[in-house]
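Visitor: Please read through the structure below; I'll follow up with questions.
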Amino acid sequence: MSDLVTKEELARTRTDPAFRQQLLAHNLERLLEALKKMRQAGDQNADTARQLREGADLAVKLADRLQNSDPRVA
């Protein structure tokens, strides 16, 4: 998850609802994959558990935004 969103992409999300929805979906997929890898790594501790919870909360927020966004409306 090292490649971050660029300033240009952020600017485009403000004017292009379809791109915003695509970016949300892509980042949700990346987050879920990272959480899956963390869970499967096997070295579970208190920090890992906290990070998994935070990641799950963020995934729910992203999913909510994705469901509630209308790509036809800015």
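Read-outs: derived from the displayed coordinates by stated rules, not from any lab. None of these values were measured; they are calculated from a predicted model. All Cβ positions, even for glycine, are placed from backbone atoms using ideal geometry, and neighbour counts span all protein chains on display.
Visitor: Just name one of 35, 68, 6: the one whose Cα is farthest towards the positive end of the charge dipole of the chain (beta-carbon charges, Lys/Arg +1, Asp/Glu -1).
Guide: Positive-most Cα among the choices belongs to 68.
Visitor: Working out 0.36 nm times the residue gap between residue 19 and residue 37, then minus their Cα-Cα distance, what length gain in nm do you get to one decimal?
Guide: Roughly 3.8 nm would be gained on extension.
Visitor: Would you please give the FRET efficiency between residue 6 and residue 51, computed as 1/(1 + (r/R0)^6) with r the Cβ-Cβ distance and R0 = 35 Å, to the nearest 0.05? If you can, show how the numbers build up before the last one.
Guide: Values: r = 25 Å, r/R0 = 0.72.
Once rounded, the FRET efficiency stands at 0.90.
Visitor: So which lysines pass the test for residue 7, namely a Cα distance under 27 Å, with those fewer than 8 places away in the same chain ruled out?
Guide: 61
Visitor: Are there DSSP H segments in the chain that both extend 30 Å or more along their axis (alpha-carbon positions) and score a mean Kyte-Doolittle hydropathy of at least -1.0? List them, or say none. Could you put the intermediate results ahead of the total?
Guide: Values: long enough: 17-41 (36 Å, -0.50); 46-68 (33 Å, -0.63).
Length and hydropathy pass: 17-41, 46-68.
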